[in-house]
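Notes follow once the structure below has been shown.
The values are calculated or read from the model by the stated rules, or taken from the named source; none is laboratory data. Note that the coordinates shown come from a computational prediction; the quantities given were computed from them, not determined experimentally. So basically every Cβ, Gly included, is an ideal-geometry build from the backbone, and we count neighbours across all protein chains shown. SASA here: full protein model, heavy atoms, side chains in, ligands and nucleic acids out. Shrake-Rupley method; radii C 1.70, N 1.55, O 1.52, S 1.80 Å.
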Amino acid sequence: MGLHRDMVSWFVGVLFLSTLLLCSADVHYYEFFVRESNFTKLCNTTTLLVVNDSYPGPEIRVHKGDTVFVNVHNQGNYGFTIHWHGVKQPRNPWSDGPEYITQCPIQPGTNFTHEIILSDEIGTLWWHAHSDWTRGSVNGAFIILPAENETYPFPTPNADQTIILQSWYNEDYKQIIDDALAAGVAPPTADAYAINGHLGDTYGCPSDTIFLMEVDSEKIYLLRIINAAMNEEQFFTITNHTLIVVAQDASYVRMFTTDYIMISSGQTMDVLVIANQNVGQYYMAIRPFSDSAAQPSEFITTGVFQYTNSEGGLNASLIPLPAMNDTDAMLNFISQIRYANVSQNPTINVPADTDINRRLYIAIATNTMPCNTSECVSDSRFAASLNNVSFVSPRIDILQANYRNITGVFTQDFPFTPPVFYDFTGNLTDFNTEAGEGTRAIVVNYGDAVEMVLQTTQLGAGGSHPIHLHGFSFYWVGIGTGNFNNETDPSTYNLVDPPLINTVHSPAAGWVAFRFFANNPGVWYMHCHFERHSSWGMSTVLIVRNGTTTETSMRPPPSTMPRCPGT
């Protein structure tokens, strides 16, 4: 334990002393071949769409500030797109990827090369499909190492390990959501959870494999944890070991120690762990967190943190994970996350109260809508909304329509406040749950200082929501319970060291606030990262108008953009 105490002291003493050394950026090229492949888990063989025949897919590993070209070949049976989650893509929304937002699908038998422009992101991000539910099997890590002559703001780890948390279904992911939407019902919960594609030893199938991470005593390891689960936030722990959180969403945070983390769907976290226990085998494990009435499958999935030359077995009863509904554990963890004022991070630039000139108050809800097709199982279907607008994807991507002034694709009238104010977090049993549909965008000017307050409602099943904004990292400045009070609650904001993130946890029956400067022109998707909610319309689009110079305006589109069906 002496090494652990020494390392924490080292953190406190030198966290702010790392020096940034400039170097030239590199260009990298990757080939993604996306096709159907068979996988056997839970003693069942399933055909999945995957990249380069692997689940999860190949890892992209580059340095800060590099440029990456990924040539995506569609050798599957239907169109899809790929998104580079957390990459800001300055002035380049054309390669951001969400289907019918910034591009149309890459059709079978065709390919499209994404140009991925890195700026100040550092640490762990990921990539995933952004069509239907195909991200369940089409995903992988996007690792951004320090620039060539740059140091970590913590002791250099002896090694790093990517850990991707996933949802496993015994069916094709696209077919699952296609069937559910046609019938107007909720999609099923996951059949299992996976760590790097392994289901562990808790599901009863003897052929299932367990993820094993081998470590050497007294070495320091950097875990790059990605929550790629479809509809689940996750607790993560390693038995008998302390976790040291050092980054979230490709931005360094003030380090803190914890026995577990809570990571929302879409988020990434970088965590140090010291192999300072007795030589042996220790479980790493995940269990979902949920504060919703629509509960996910409550499974514990295991991996093994194994010391070299260790002997002996494992004991599942020793796994110290919080209970699935432990909201105190969730809040205790996320309340510790703070921005790290180190040279490797971008200079902190939180919009002040006097800067804000665009304020949005957005009510998040699950809803119903009429269901009137022959496949409907009742006269209503599940829906979801932001400010009572359930997003409808157009058939021409919004970016192209905006760039070329094509009318009839979207409107610029997303409501900046809820159309009806009610007791958002009260008893809404008899409240009208229906939402309206539309393709309505939020439009702001380049350079606007934006504040968004997300109000989680108790409509439908209630519960937390991980909300992701493309094209930006933003400062998470506030969180609270109950209905947001715009006179008193802003006094509780953290404007000193709020974390800089791209996916925020909006708590059940509460609110969350974040701020950013709209300094990235383009069309940027904002949506819940629970796939069932996004599929039901819990989404909108942020359009940032061009500025007055070339440097503050979108780049022109590449000539190779996928064509929209029928055009």
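Key figures
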quantity: Whole-Hz ³J(HN,Hα) from phi, Karplus 6.51 cos²θ - 1.76 cosθ + 1.60, for segment 223-237, glycine and proline x; calculated: 8, 9, 9, 10, 8, 9, 4, 6, 9, 9, 7, 9, 7, 9, 8
quantity: Within segment 402-444, backbone nitrogen closer than 18 Å to the virtual label 7 Å beyond the Cα of Thr488 toward Cβ; calculated: 422-426
quantity: Charge context of Arg224, other residues only, Cβ under 14 angstrom, K/R +1, D/E -1; calculated: -4
quantity: Approximate spin-label separation Asp179-Ser119, in nm, with each point projected 7 Å along Cα-to-Cβ; calculated: 4.3 nm
quantity: Net lengthening on full extension, Asn357/Asp379 (0.36 nm per residue, minus Cα-Cα); calculated: 3.6 nm
quantity: Over the chain, relative contact order from alpha-carbon pairs under 8 Å, at least 6 apart, %; calculated: 15 percent
quantity: Highest to lowest packing among 423-436, 443-456, 41-54, scored as the average C-beta count within 10 Å; calculated: 443-456, 41-54, 423-436
quantity: Distant-in-sequence amide H partners of Gly510 (H built 1.01 Å from N, under 5 Å); calculated: Thr456, Gly482
quantity: Calculated FRET efficiency for the pair Leu145/Asn77, C-beta based, R₀ 35 Å, to 0.05; calculated: 0.45
quantity: Dipole of segment 353-552, positive end: most advanced residue of Tyr403, Thr417, Asn387 [Cβ charges, Cα centre]; calculated: Tyr403
quantity: Stretch gain in nm, segment Val420-Asp160, where the contour uses 0.36 nm per residue and the Cα spacing is subtracted; calculated: 88.7 nm
quantity: Distance histogram in 10 Å bins (all Cα pairs of segment 311-440, percent per bin); calculated: 9, 19, 25, 26, 14, 6, 1
quantity: Under Karplus coefficients 6.51, -1.76 and 1.60, residue-wise ³J(HN,Hα) of segment 211-221 in Hz, glycine/proline x; calculated: 6, 10, 10, 8, 10, 9, 4, 6, 8, 9, 10
quantity: Over segment 266-378 - Rg/Rh using Cα atoms and the Kirkwood inverse-distance radius; calculated: 1.11
quantity: Which of Tyr361, Tyr29 is most accessible, then next, and so on - probe 1.4 Å; calculated: Tyr29, Tyr361
quantity: Global geometry of segment 94-190, whether rounded, prolate or oblate, following the gyration tensor of its Cα atoms and the 1.5 cut on a/c; calculated: oblate
quantity: In Hz, Karplus ³J(HN,Hα) per residue of segment 370-375 (6.51, -1.76, 1.60; θ = phi - 60°; x = Gly, Pro); calculated: x, 10, 9, 9, 5, 8
quantity: Length added when fully stretched, Glu36-Ser335, from 0.36 nm per residue minus Cα-Cα; calculated: 103.5 nm
quantity: Convex hull volume per residue for segment 353-552, taking Cα atoms only, in Å³; calculated: 126 Å³
quantity: Most to least packed among 471-483, 240-252 [average Cβ atoms within 10 Å]; calculated: 240-252, 471-483
quantity: For the chain, calculated [θ]222 nm from helices alone, where every DSSP H run of n ≥ 4 adds -39500 (n - 2.57); calculated: -2000 deg cm²/dmol
quantity: List Glu36, Glu150, Glu551, Glu214, ordered by accessible area with a 1.4 Å probe, largest first; calculated: Glu551, Glu214, Glu36, Glu150
quantity: Cβ crowding within 10 Å averaged over residues, with 59-70, 89-100 ranked highest first; calculated: 89-100, 59-70
quantity: DSSP-defined antiparallel bridges as percent of all bridges, segment 353-552, nearest 5; calculated: 70 percent
quantity: Approximate shape of the chain as ellipsoid semi-axes (Cα gyration tensor, √5λ), whole Å, largest first; calculated: 34, 28, 26
quantity: P(r) of segment 472-567 over all Cα-Cα pairs, binned every 5 Å from zero, in whole percent; calculated: 2, 10, 14, 17, 18, 16, 10, 6, 4, 2, 0
